[in-house]
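Throughout, read-outs are computed from the coordinates displayed, never taken from laboratory work. What you see is a predicted model, and the numbers here were worked out from it, not measured in a lab. No Cβ is skipped: glycine too gets one built from the backbone with ideal geometry, and neighbour counts run over all protein chains shown.
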Ligand code: 5GP
Ligand code: ZN
């Protein structure tokens, strides 16, 4: 079995008590264990793809679905009025820690402007 933690959580193969917000045959969405904002949800494909640098043309629909799931979760968490942030961290310089692609949905507070990072 894969040792990848997000393969396990997304496919419900771990004893993780993460709260799930969405699931279909391709995608899971669950709370980040170390939230950086009042709403911090990870949208994660069930299939193992290490980084955004690895995606190919045939992944385009999956990535689009991940963004669509994020936008629906933002709406259901009442983030549409004030807004939110969607982030893919990519490899070391991008701050990626877990090598299984995941889209961060962050909201519920004022986030820093990009040029402050
Ligand atoms: P990255 O820095 O790779 O973009 O983000 C990884 C995120 O995964 C971090 O925000 C971290 O808090 C979260 N994370 C790491 N391990 C676990 C885990 O076991 N469960 C959950 N729910 N989130 C995790
Ligand atoms: Zn994985």
Checklist entry - What's the angle, to the nearest 10 degrees (0 to 90), between helix 60-76's Cα axis and the longest principal axis of the chain? => result 40 degrees
Next on the checklist: To make sure I understand, if each residue's beta carbon is the centre and we count other beta carbons within 10 Å, what order do 59, 17 fall in, fewest to most?
Outcome noted: 17, 59
Checklist outcome for this item: Once both label points are put 7 Å beyond Cα along the C-beta direction, the residue 14-residue 111 separation in nm becomes 2.2 nm
Checklist entry - Under a plain spin-label model, where a point goes 7 Å from the Cα along Cα-to-Cβ, how far apart in nm are residue 34 and residue 55? => result 2.4 nm
Item to check | Three-way shape label, the range 5-107, alpha-carbon gyration tensor, a/c 1.5 | outcome: rounded
Checklist entry - Mind ordering 4-13, 27-36, 98-107 by average Cβ neighbours within 10 Å, highest first? => result 98-107, 4-13, 27-36
Next on the checklist: Run the helix sum for the chain: -39,500 (n - 2.57) per DSSP H stretch of 4+ residues, divided by residue count, reported at 222 nm to the nearest 500 deg cm²/dmol.
Outcome noted: -6500 deg cm²/dmol
Checklist entry - How far is it, in nm, from the label point at residue 80 to the one at residue 25 when both lie 7 Å from their Cα along the line to the Cβ? => result 2.8 nm
